[in-house]
Each structure stands twice: as C-alpha cells, then as structure tokens.
Amino acid sequence: MQLTDDIQFIKGVGPKRAELLNNELNIFTAKDLLYHFPFRYIDRTKFYKIAEIKSDFPNVQIKGITSNFQTKGSGRKTYLTADFSDETGTIELIWFKGVKWIKENLTSGKEYIVFGKPARYGRKINIAHPEIDAPETFNKRYSSSLQAVYPSTEKLTKKNVTSRVFRKIIAGILENLTIKLPETLPTYIVQKYHLLSFHEAIHNIHFPENAEKLKRALYRLKFEELFYIQLNILKIKFGRRLKYKGFVFSKVGNYFNKFYKEKLPFELTNAQKRVIKEIRKDFASGKQANRLLQGDVGSGKTLVALMLMLIAVDNGYQASLMAPTEILANQHFKTINNFLKTLGLKIALLTGSTKQSERKQLHADLQSGEINILIGTHALIEDTVIFKNLGLTVIDEQHRFGVAQRAKMWKKNIQPPHIIVMTATPIPRTLAMTVYGDLEISVIDELPPGRKPVKTIHSFDGKRLQVFKFMKEQIKAGRQIYIVYPLIYESENFDYKDLEDGLESISRAFPPPKYAVSVLHGKMKPEEKEKSMKLFVKGITNIMVATTVIEVGVDIPNASVMIIESAERFGLSQLHQLRGRVGRGADQSYCVLMTSYKLSKEAKIRIQTMVETNDGFQIAEADMKLRGPGDTEGTRQSGIPFELKLSDLSKDYKILETARHTADLVLREDAELKQDKNQILVKQLKTLMMRNKKWGAIS
Ligand code: ADP
Ligand code: MG
C-alpha cells in the first residue's frame, strides 16, 4: 500500500464510502485518512455496572453475559434483541442492521464487553448497535486505555461511518503500509526538540500506546502544523526584505519638533512615546516598515499616526492616512488640520464625496508634491491617485480593508512606502503572530491619563423606562447619548430592535423643544449624515440614534452614554468598539447593554464579559475562545489563511512561540532555503501550499 492510494481501494472503504469521505471531509488518499485526527479519546478502562446506568449517560462500557436472542418484527423491519446481564441487572441490546452477522458471531451465555450509548425505551434501558468484543479480543485491541474519537458529519454518521469505522480503516492502513512514514521535518529540528518521529507520532495519535506517548504525539504534530505556517509567513517577510529597500527617514526635523514642542496640547503617554520610538527605528533602518499598531479604543493612535506622518514630511516625502468610512476620514481631516494649523503644511481630503472638479486640482497638487498629507477613504487606492513621492501610508482600522485593497497602497511609489496599519480591534497575540506573521507589532497598552473606565450595565428590554429615566438625568447634567440599533428597519427574519421603531419611541419619550435627536445610518445621503453628525458634535442634539456606522473612530468627548439595543445581536469586539465611543472625556461614562430575556449561552458569555472587563485584549481572547480564530472580528474581513487541525491558538501559545522561533532561526541562516538539510522544508512547503490555496494570498 502507498500513501497516495485512492481510498476507495482501501479495505473497509469501497466506492460508496469513498465518495462520502471525498465530499464530506475532503479525504481522497490514504494519507488524508492518516491526517484525519481524532478530536478526543475515550477511556476504555472504565466499566459500569448495569444498575448504575441511566438513559442520559454518554457512551458506557459494561461487562456481562448475553442471553435470550430474539428476532422480532417482520419483513424488512425485522430486528434482533438480546438480554445483557451482570450481577446488578439486565439491559437490552438491539440490532436493526447486520442481524445475520450478529447471529452467526455471538453466542448466548458467553461473556462480552459492550460499549455504546444507553437509551430509554418504555421502562427498559437499551443500547442499539453496541460495539461488542469478546474479552480476549478486547484486551488485544485496547491494550491502551485511550480510544480515538473522530470528527465526523451528520451524513457520515447516518451512513454508519462512525469512529469505530475510522479506527478500523486507519488501523488497516497503518498495518499494510510497507514503508515507515517518511519524516516531514528536518532531522536537526526533530533532534533539537526531542520530537517523536512523524511515524511514531501518527501511530500514537490514532492508537496511543499510553497517555505520555499521546502527549508527545500531539506536541510533535502541533509543532509541525504551526511551524510550517510560521515558515511560510516568515519566508515571505524575509523575501520582501531581500527584494525591497525601504525609504530612509534619517532625521526628525522641523515639522515634528515644532509640533511636539509648541503645538501638542498634552503630554504623550509612555506607550505612545515607546511606539513612536519603535517605528522611528524602522524608518531609519533602510528596510521597509510593515507594522501593525494595536491600541485599544481611545488610546490615541491618531496622534501617533500624525506624528509619524510629520517625520515623513520632514524627510521630504508625502504621507497618507486611509480610513474605512467617510465619517471617520472627515473627522481625521478635521482633527489633523486642527493640530497642524499654522505649521504651513498642505493637507487634503479625498473621499467618495469629493467633487469631480476639486478632484482634478487635488490630483495635480498630489503629483506636483504640493500636498504633503492626504487623508481619505478607499478613494485613495484608485489608480488615478498618483503621488509625487509617497513615503508613508497609514491605514486606520485596517481590518475593515481587504488584503487586495491594502496591497494597492504598496504600489503607490516605485518602491513600497512604509506601511503602518492600525487597529482598535486587538487581535490576540497568538493570532496576530499567525495571521500577520509578516507584520511587526507595536502595542499602545495605556490610555491617556484621567480617563475613567466606562461602567457597563446589562439591562433587559422590560426595564426600558428606567433606562429612559437615567438618560434624562444624564442629559440634564449636560451629557450626550448614543443609542445604537442592529437594524434600520423591522425585519421579518430577526426579532431584534430596529432604528425606525426605536426612533419613534425615543421621539415620544424625549420630545422637543426640551430634547433634540440626531439620526445616522447607512442608507442616508452623505450630506444628511454630515448634517446630523455636525448637530451632535456641536452639542445641539442630545441623543444620537444610529446604527453601527458610528462604530469606528468617532470621537465626541461629551457623549458619555452608549446604549446598545438588542446587544445580544453583536459580536464581542463590535460591542467593545461601540463602547469605545464613550469614556473619552473627563466625566464618568456608561454603556448600557439592552437585551431580551431569552439569551443563548454564548450571548450570555458575551454580555458578561463586557460587564466584567474594559480591556480590549481580554475581550479579544474571549472572542477567539467563543468563535475560533477564523471568525473573530479582527480576522473575518481578511480571512484567516489556514486551517488549524490540531492547534488551538488560545491554548498552544508556547508551542507557537517555539515554532516561530525555530522558523526564524532557519531563515536567518538560510533565507531562501537553499541548503541541503532544508530541502525537506521546501518540499513540505510545496505540498502544503497545494493543499492550502489561501497560503499564496498572504499579504
Ligand atoms: P484611537 O486610538 O481610538 O484612534 P484617538 O486617536 O481618537 O484614539 O484618541 C482619543 C482621544 O484622546 C482624542 O481626543 C485625542 O486627542 C486624545 N489623546 C490622544 N493622546 C492623548 C494624550 N497623550 N493625552 C491626552 N489625550 C490624548
Ligand atoms: Mg481611531
């Protein structure tokens, strides 16, 4: 037998099962089957007594004697039953299929070991289609107490392709392979970390000799999984370094210094200072900076971006800042203009709403170098936008942009500009290292002084009147309030609150002239949005009724209450983003999470997490645990370029670190993997690349 053999010719599979396995699990070859790993193990040393068994138990194992075999029913619906007794009682075993085989192979009055899921039928407990072994074969088969349980699908289970079947087929393959499974890691790495050989690891993950061996098998295979992901990403990074030089920003000049000494209205936080220092080092290194700047909402990333752009300008380059929404681009433009007025720089704004007539001039000024800093939305990446000499581009809320969009900014100069991507949706470190392994990471882990943590309260829909009362008190104290809805209009499909309906009740509860309300949602025209926003920014309206369009970036310090309707509808990091809109001024801020009384288990955990912590990184970790790494807010947009079969990024941090460190060492010595000892890596990377088409798309 060969590893490449088509599974349909493998004993116990056949064409029908083969087709199922192809379609359901993408399993085509013997090798694929060996890579179909168990997700847990059952302890087969534990035996139950019949008297202990209840129908809601999971699988149980019992030792007893069969008797009283009876064929019942008629025609196609015949089935077989037998009594199964130990000294404490009797249960029934039932077979609807394979009756003939059972009759021929089981003997009445003999001792067997039965394993299966108990169920209640009338007053009796029975087990349908138990796994059944004579004590002799049992001891041989389960010399180890750990029995593999395989992931499966509904269709496969229906067709009786159970864990038992997987075990049989895989055991068959392992027995019939004439070769030792070829090693997939270089010997020097296997030796350095005392890893099990690939051969031994595969044997032990399917049929553990003992708990210790299983542990080592898992370690080896997880290490390998993470190592190749790291090797792939870091190889791209090393390759990029070889291929591109970076613009050298050798000095900090007048603009930066003047701003820092004369214009900056407050002291930078230590974290801001540290991050600027880290990035300045990149700028001066002669290598292109490609860095992720993570910082919780309100940590002052915009200011950092601004100061970095001044360094670019000081060195004779242009800089750009790209934001995912027009509202945010407008706000950045205003903030930055405000900070930089009187410095004599030319700063321009380019969004989808920029008029054609203005665009022409803007394009010309950009090409002549007249414009120093360009701020805008994804309008910036259009091909018609040509810079004279773009040296730095900052991408705000980068997870809102796709890989392809970000890649376009790379092409805005003959050699790529320095790239800083910013996010307030912190990505757990392990995930960032795996998804963005190609990026260096800086973290602003400190908020500007004087901020009071936002108090978060969970309130049920029935308590709305109390919430209104609280809102009135806050407005009386001069504060402003956001109310966010998951939907604009009522939906037939979801039972969630909608903005239209909400606005009506808010308008009734907060009537003019005493109160004024602004509205903001995605279906409004840009001018309307702008107007609505302005009224709220100026404090003319007290309440902003909105959808999640206000989620990112908006900065209005006087707004101190965030009410989120149908909060159960939102993901954790979205809730965290929304909450980040308040708590920006000196006053105590509040976030009220309104939900219905019915909450799913996950929704409860989300709400509880929000009430318990304000720390974006903790929230990101919780999010990853709830949804898995591919579906956290931080990765969903760009997608996660691999599938992890064994490793769990919320638990396997240590293995990941070792894997990354190892990959880094390998590449430092042999960036292009040319040495003999590394050829096995080249080969394995190629195989993996063919399996994971997405690996090619890593930015
Ligand atoms: P984010 O990181 O969420 O983008 P912003 O850049 O919008 O945060 O900053 C939030 C607010 O904090 C802004 O009003 C900004 O002017 C202010 N800010 C930034 N840095 C400091 C600082 N070092 N001290 C005081 N306030 C600061
Ligand atoms: Mg921001």
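The table that follows gives values for the structure above.
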read-out: Close pairs from the range 262-278: first within 20 Å of residue 294 (Cα to Cα) and in contact (Cβ under 8 Å) with a residue 24 or more places away in the chain, partner assigned to a loop (DSSP other than H, G, I, E, B) and more than 8 Å from ligand 1 (Cβ to nearest atom), Cβ under 6 Å, at least 6 apart; value: 269/446; 271/445; 271/446
read-out: Candidates 231, 214, 226, 221 - the one that is within 29 Å of residue 145 (Cα to Cα), modelled with pLDDT under 95 and buried (at least 22 other Cβ atoms within 10 Å of the Cβ); value: 226
read-out: Flag for residue 568 being among the acidic types (Asp, Glu), closer than 20 Å to residue 489 by Cβ and more than 16 Å from ligand 1 (Cβ to nearest atom); value: yes
read-out: Out of 147, 191, sole residue that is in the same structural domain as residue 13 (by TED's automatic domain parsing) and of a type in the set (S, T, N, Q); value: 147
read-out: Some residue of the range 260-269 being assigned to a helix (DSSP H, G or I), surrounded by fewer than 17 Cβ atoms within 10 Å (Cβ to Cβ) and either within 16 Å of ligand 2 (Cβ to nearest atom) or within 29 Å of the chain's Cα centre (by Cα) (or both); value: no
read-out: Within the range 522-568, considering residues that are crowded, with 24+ Cβ neighbours inside 10 Å and in a helix (DSSP H, G or I), the one nearest to ligand 2 (Cβ to nearest atom); value: 550
read-out: Helices (runs of 4 or more DSSP H) wholly inside the range 1-119 containing at least 2 residues that are buried (at least 16 other Cβ atoms within 10 Å of the Cβ) and in contact with a His (Cβ under 9 Å, 6 or more places away or on another chain); value: 14-25
read-out: Residue match in the range 339-350 (condition: within 16 Å of ligand 1 (Cβ to nearest atom), part of a helix (DSSP H, G or I) and either out of contact with any Gly (no Cβ under 6 Å at 6 or more places or on another chain) or not assigned by TED's automatic domain parsing to the domain that holds residue 304 (or both)); value: yes
read-out: Single unsatisfied condition, residue 254 versus (1) more than 11 Å from ligand 1 (Cβ to nearest atom); (2) closer than 25 Å to residue 376 by Cβ; value: (2)
read-out: Selected residue [closer than 30 Å to residue 200 by Cβ, at pLDDT below 90, of a type in the set (S, T, N, Q) and exposed (fewer than 15 other Cβ atoms within 10 Å of the Cβ)] from 152, 145, 163; value: 145
read-out: Selection count where residues are surrounded by 20 or more Cβ atoms within 10 Å (Cβ to Cβ) and not small (Gly, Ala, Ser), scope the range 245-258; value: 4
read-out: Per-region count, the range 362-417, residues in contact (Cβ under 8 Å) with a residue 60 or more places away in the chain, more than 19 Å from residue 282 (Cα to Cα) and of a type in the set (Val, Ile, Thr); value: 2
read-out: Residue within the range 633-643 that is under 16 Å from the mean Cα position of the chain (by Cα), at pLDDT below 85 and of a type in the set (Ser, Thr, Tyr) present; value: yes
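The values are calculated or read from the model by the stated rules, or taken from the named source; none is laboratory data. If you're wondering where the values come from, they're calculated on a predicted model, not measured in any experiment. Counting neighbours? That spans all protein chains shown, and the Cβs are built from the backbone with ideal geometry, glycine included.
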